[in-house]
Amino acid sequence: DGLSVSSAVNTVTAETMSEYASTRKGDLPEGVSIRGISAMLESNNTLRLYLGFNDVDPSDFTYSIDGSKVNLKQRSSDGAYYLALDYGVYSNHLQDEHIYSVSDADGTNTYSIKASVLTYARSCVITKNTKISNLGKTLYLYNKAAVAAFGDEE
C-alpha cells in the first residue's frame with residue numbers, strides 16, 4: 001500500500017508470461033496432492049512446491065529436485081510441507097527451470113513439475129487481484145533488467 005506502480009507493468013500480459021507455465025508429467029502417488037507454488041524472495045530467492053498428504057505418511061515417499069534426492073521440508077508456522085532448492089536463485093536466473101518430483105516407495109508412480117520462479121510470477125499475473133498481478137509483472141521486469149545487466153550465464 002502506498003507504493004506507486006510503474007506504467008511498465010502494463011506491458012506485461014498473460015501472453016508475455018505464457019512461456020513460464022509449468023509442465024507436469026507422470027502420476028501423483030496415492031494420497032499426495034499439489035497445494036501450490038510460491039516464491040521466497042529473500043537473500044536466497046527460491047521456489048517452493050507445496051504438497052499435501054491425505055491418509056499417507058510423507059516419509060513414505062522419495063523427493064528430488066533436478067534429479068537429486070532432497071528432503072521434504074516443513075514450514076514451522078503451520079506445518080505445511082514443501083520442496084525447495086537448498087541454494088539461492090540469483091535475480092538474473094529467475095527464469096531457470098527446475099524439476100521437482102515426488103515418487104512412491106517402489107517408484108511405480110512419479111510426478112514431476114518443471115517450473116521456475118517466473119512460473120510463480122506468471123501465476124500472479126493471471127489472477128484478478130491487481131496488487132498480486134502487479135507483483136508478478138514487476139518480478140518479471142526485475143528479472144529482465146537483471147539479465148540485461150548481468151547476463152544469464154552461470
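The values are calculated or read from the model by the stated rules, or taken from the named source; none is laboratory data. Predicted model only: the values in this text are computed from it and were never measured. SASA here: full protein model, heavy atoms, side chains in, ligands and nucleic acids out. Shrake-Rupley method; radii C 1.70, N 1.55, O 1.52, S 1.80 Å.
Leaving ligands, DNA and RNA out of it, report the carbon-plus-sulfur percent of the accessible area of the range 23-154 at a 1.4 Å probe.
Values: 3560 of 7500 Å².
On the range 23-154, the fraction of accessible area on carbon and sulfur atoms equals 47 percent.
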Could you give each residue of the range 43-49 its phi-based ³J(HN,Hα) in whole Hz, using Karplus coefficients 6.51, -1.76, 1.60 with θ = phi - 60°, and x for Gly or Pro? 4, 10, 4, 7, 10, 10, 10
A correct Karplus calculation of ³J(HN,Hα) over the range 112-129, with 6.51 cos²θ - 1.76 cosθ + 1.60, θ = phi - 60°, whole Hz and x for Gly and Pro, returns 10, 10, 9, 8, 10, 4, 6, 5, 4, 4, 4, 4, 5, 4, 8, 7, 8, 7
Over the range 56-145, average the accessible area per residue using a 1.4 Å probe and give it in Å², no decimals. 52 Å²
At a probe radius of 1.4 Å, what is the per-residue accessible area of S59, in Å² to the nearest 10? 90 Å²
√(5λ) per eigenvalue of the Cα gyration tensor, the chain, largest first, Å: 30, 17, 14
What is the Cα radius of gyration of the range 5-66 over 2.2 N^0.38 Å, N being its residue count? 1.55
Heavy-atom accessible area with a 1.4 angstrom probe orders R24, R122, most exposed first, as R24, R122
Quick one: which residues, 5+ away or cross-chain, put their amide H under 5 Å from the amide H of N45? H built at 1.01 Å from N. V89
Do you know the Lys pair count in the chain for C-alpha distances under 18 Å, with sequence separation 8 or more or different chains? 4
So what is the relative contact order for the range 1-93, in percent, with contacts set as C-alpha pairs under 8 Å and at least six apart? 23 percent
Could you list, bin by bin from short to long, the percent of Cα-Cα pairs of the range 67-131 in 10 Å steps? 16, 39, 36, 8, 0
Got a sec to turn the phi values of the range 12-24 into Karplus ³J(HN,Hα) couplings, 6.51 cos²θ - 1.76 cosθ + 1.60 with θ = phi - 60°, whole Hz, x for Gly and Pro? 9, 10, 4, 5, 4, 8, 4, 5, 9, 4, 6, 10, 10
